[in-house]
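Data first, discussion second: the structure below is written as structure tokens.
The values are calculated or read from the model by the stated rules, or taken from the named source; none is laboratory data. It should be emphasised that the depicted structure is a prediction, and the values quoted were computed from it without experimental measurement. Note: ideal-geometry Cβ built from the backbone for every residue, glycine included; neighbour counts use all protein chains shown. Heads up: the accessible areas ignore ligands, DNA and RNA and are worked out on the full protein's heavy atoms, side chains in. Shrake-Rupley method; radii C 1.70, N 1.55, O 1.52, S 1.80 Å.
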Amino acid sequence: MGAETTGRLLVLGANGPTGRETVQQAVDRGYEVHALTRHPEDFPITHDRVRVVAGDATDPAVVDAAVAGTDAVVCAIGARFTRRPVEVYSTSAHLLITSMVRHGRRRLVVVTSSGVAPSHSRRGVVQRASYRLTRSTFARTVYDDMVRMETYVRGSGLDWTVVRPPGLTTGPRTRLHRRRGRGQGQLLHPRGPGGDAARPARGRPLPPAGRRRRHTRPDGERPGDVPHRGAEAMTRPQRSTAVEVWQDGRQQVPGDGHAELWHFDGRLDDGTSIAVAFCLVGVDPDDAERWTTVVNVMLTGPDGSNEVHASTGTVPAAAASTARCDLPFGPHRAAGDLTSYGVHVEADDGGLVLDLRYTAVCDPHRPERITLDDGDGGGAFFDHLVVPRCSIAGTITRAGVVREVSGEGYHDHQWFDADPLTTWHRWLLGHVGTDTHTAVVFDLVAAERFGFDRQPLVTVFDTDGHLVLHTADAQCSVEAFTDPSSRKQYPRQASYTARDGATAVRVDVEWETTLVSDDVYARADDAGGGALRSGSRQEFDALGIAPSYARYLARGRIEVTDERGPTRSTGEMVCELNHPGRETPAAPLSTS
């Protein structure tokens, strides 16, 4: 068993088989163990050096208090295989890292699985086929979240070990494993059954009490997301969470269907409209550890002329920071911290260069995650945060001629684990700033397999940029017209209303000027193409979609009523309508 050691060890997931084995072996080696479990009444180990802590590994306050009272951490949490989104691994990792940095703790051990990065050379044909089937179907969301956990741990700056067992069973320890990595972090691959993987930090002793070194990190706590609520098609957010700088950093890992985008919109004082999107759109087909990237730029001049640029490339999985918005995509870059952003974009032909500074004048806001459930074990999620109003200053360079510009803008960051073109039937985004308020509207309609469920999100901020009201269940009424190109229904006028206690809001949107109208499906051909996604009509037909896109200016009206009475204001609203679904009477836009 080895020499007895002193120190306080926190074990998360202590009531699972691996957690119990970890607790027992740690006690046997002389550690004082704090065992965190949601069900303390079922915990079987009693010892004068074991303290049972009741709580959830995704609760920030619970994790922070538990870390503060110990010297090192072993995370042995587990989740059942499911097709529904899983976040317990990544959420607990973020909370642990944040708390450990805050309290000066260094030593972290996490248990994932060999399924995260299997060694195919050691597997037979049947094993490889079984792994591919498991990884791509019912185990995908669990393994994907384990990858996110490992990504956060590797970038933490802590003294870490990741253990990837192929399967743990009850039995004698084998002491067989493979070790990869030296220095700050290491990966352990147990090669046999038994409890060997549960041993804390083989070959690297946990520090005794009192040996601490402080390390700072510019991010905050990760609040727990809304748990899954069963067979309803859409889990509706119930409250908003605080926004931390790291949440505007990369949230995803390369994977089938995973995508993420950072959107910078703007309306310049001279009437020019700007839309820039930095996109991680999937795995590089030649390298599973790299992202495929797209940087899109759309400029609409005061005279209505449009200029569109798209630049594609690839970046290593870790190139986009997880600590903050920092996106070095070749010659393009966007970086910021929720209060200020620098955006630099160069057209591939060198004829256009944007250098813009976005400065927030409103608080950032992150509604809770929207989860979709098809009722048959499948699901998807949509997550986002917004910086709803910014000032813009900078330069636009065309053909070597530099022009200084200024105006107002908007930033959002969206991420999802399934292709949005097949997950959503349509979605409308609009934002408006007036003399007294700022409003953001996300009107989302899920795809047919999710029952065309509709969720209108409305968020309103006051003149100081503070949140007045957010709802994920606004009442809406829409008057539609038929777009002559796509023959789809587009919103001529829309009204969104919501109430929270004594405060009521109404946001009216009236279409005025079309900036871009793109029937992506109609102009796609067998060679591929389209502004929203590269693809041919045959590919779109196989997916059952017919994408179209519109960007337009609307007259936005905000009415806020509270105990002081109503306040009404009007401003120019910038709207985008993405409509990948085929027109169908089962999902009408008009409510009149």
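For this structure, a couple of remarks:
- Residues in region 464-486 that are open to solvent by less than 30 Å² (accessible area, probe 1.4 Å), farther than 14 Å from A587 by Cα and either small (G, A, S) or not in a loop (DSSP other than H, G, I, E, B) (or both): G465, L469, T471, A472, A474, S486.
- If only residues of region 126-144 that are modelled with pLDDT of 60 or more and hydroxyl-bearing (S, T, Y) are counted, the one that is nearest to G257 (Cα to Cα) is T141.
- Looking only at region 250-280, and only at residues there that are without any contact (Cβ under 8 Å) to a residue 60 or more places away in the chain and out of contact with any Phe, Trp or Tyr (no Cβ under 6 Å at 6 or more places or on another chain), the one that is nearest to G433 (Cα to Cα): G271
Let's see how each residue does on (1) of a type in the set (S, T, N, Q); (2) modelled with pLDDT of 85 or more:
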{"site": "H94", "(1), (2)": "no, yes"}
{"site": "S121", "(1), (2)": "yes, no"}
{"site": "G124", "(1), (2)": "no, no"}
{"site": "M146", "(1), (2)": "no, yes"}
{"site": "Y152", "(1), (2)": "no, no"}
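- Strands (runs of 3 or more DSSP E) contained entirely in region 334-425, each with at least 1 residues that are in contact with a Cys (Cβ under 8 Å, 6 or more places away or on another chain) and open to solvent by 10 Å² or more (accessible area, probe 1.4 Å): 352-360, 379-398, 401-416
- D56 fulfils the conditions (1) closer than 20 Å to V111 by Cβ; (2) without any contact (Cβ under 8 Å) to a residue 60 or more places away in the chain; (3) surrounded by fewer than 21 Cβ atoms within 10 Å (Cβ to Cβ) except for a single criterion, (2).
- Consider region 33-86 and keep the residues that are under 21 Å from E21 (Cα atoms) and of a type in the set (D, E). The one that is nearest to the chain's Cα centre (by Cα) is D56.
- Each residue in region 440-454 was checked for being open to solvent by less than 10 Å² (accessible area, probe 1.4 Å) and part of a loop (DSSP other than H, G, I, E, B), and 0 of them qualify.
- Of the numbered criteria (1) aliphatic (A, V, I, L, M); (2) outside any loop (DSSP other than H, G, I, E, B); (3) open to solvent by 10 Å² or more (accessible area, probe 1.4 Å), the one L457 fails is (3).
- Of V308, V315, all but one fail to be surrounded by fewer than 19 Cβ atoms within 10 Å (Cβ to Cβ), β-branched (V, I, T) and in contact with a Pro (Cβ under 8 Å, 6 or more places away or on another chain); the exception is V315.
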